[in-house]
Amino acid sequence: SFTEYGLPPTAVAAILGNFWVESGGDEFGDLDPKATNGVAEGIAQWEASRLLELKQFATDNQQHGGFDTLRCQIEWVIMELGEEYKSAMGVKEITNIADAAVFWQHRYEKNAYETNGGEKVPSKYIVQNEVMNKRLHEDRRVHHALRIYKQFTSAKVRRENG
């Protein structure tokens, strides 16, 4: 899991909130490593060269399962965070869950911007003193990150007190 790699609960919730939306959890109720829109696949909806690299990673690291397994995709994310997407690791330093979810969306997902009449819509979030434009489904990502954080931390409290 992401906590094994030193990511705090806030960062894990931010990441999972994004993956929840990317993989269709809004509609189907869970992370789906087999999610596809015909072009992109997996929990992060990788496409083009990133999808090909994920598939090659799965072939080279069969101990993680096929490319369409959750374990393989999480290991792939961790690998990407150590390389090309290193800046997304800044999510570890953000203590506000909503800000962390938006930060992850901008640094890792890098999905399309929301527009109004061809103009980018400003985000209501200012993350690490950076004014941002809103990317698609920002509010849903934040909603799920908050929900996951509450679920994750209340379950941890129950385990520690139970």
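Key figures for this structure:
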item: All positions within the range 108-125 that are touching an Asp or Glu at 6+ places or on another chain (Cβ under 9 Å) and either part of a loop (DSSP other than H, G, I, E, B) or farther than 26 Å from Ile43 by Cα (or both); result: Asn111, Glu114, Val121
item: Residue count for the range 5-43, restricted to those that are modelled with pLDDT of 95 or more, open to solvent by less than 10 Å² (accessible area, probe 1.4 Å), in a helix (DSSP H, G or I) and of a type outside the set (Val, Ile, Thr); result: 6
item: Residue within the range 63-82 that is open to solvent by 50 Å² or more (accessible area, probe 1.4 Å), free of Cβ contacts under 8 Å to residues at least 40 places away in the same chain and closer than 20 Å to Ala112 by Cα present; result: no
item: Residue list for the range 44-57, filter: assigned to a helix (DSSP H, G or I) and open to solvent by 10 Å² or more (accessible area, probe 1.4 Å); result: Ala48, Ser49, Arg50, Leu51, Leu52, Glu53, Lys55, Gln56, Phe57
item: In the range 124-138, the residues that are within 19 Å of Leu16 (Cα to Cα) and out of contact with any strand residue (DSSP E or B) (no Cβ under 9 Å at 6 or more places or on another chain); result: Val127, His137
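The values are calculated or read from the model by the stated rules, or taken from the named source; none is laboratory data. Since the model is a prediction, treat every value here as computed from it, not as a measurement. Here Cβ is always computed from backbone atoms with ideal geometry, including for glycine, and neighbour counts include all displayed protein chains. Heads up: the accessible areas ignore ligands, DNA and RNA and are worked out on the full protein's heavy atoms, side chains in. Shrake-Rupley method; radii C 1.70, N 1.55, O 1.52, S 1.80 Å.
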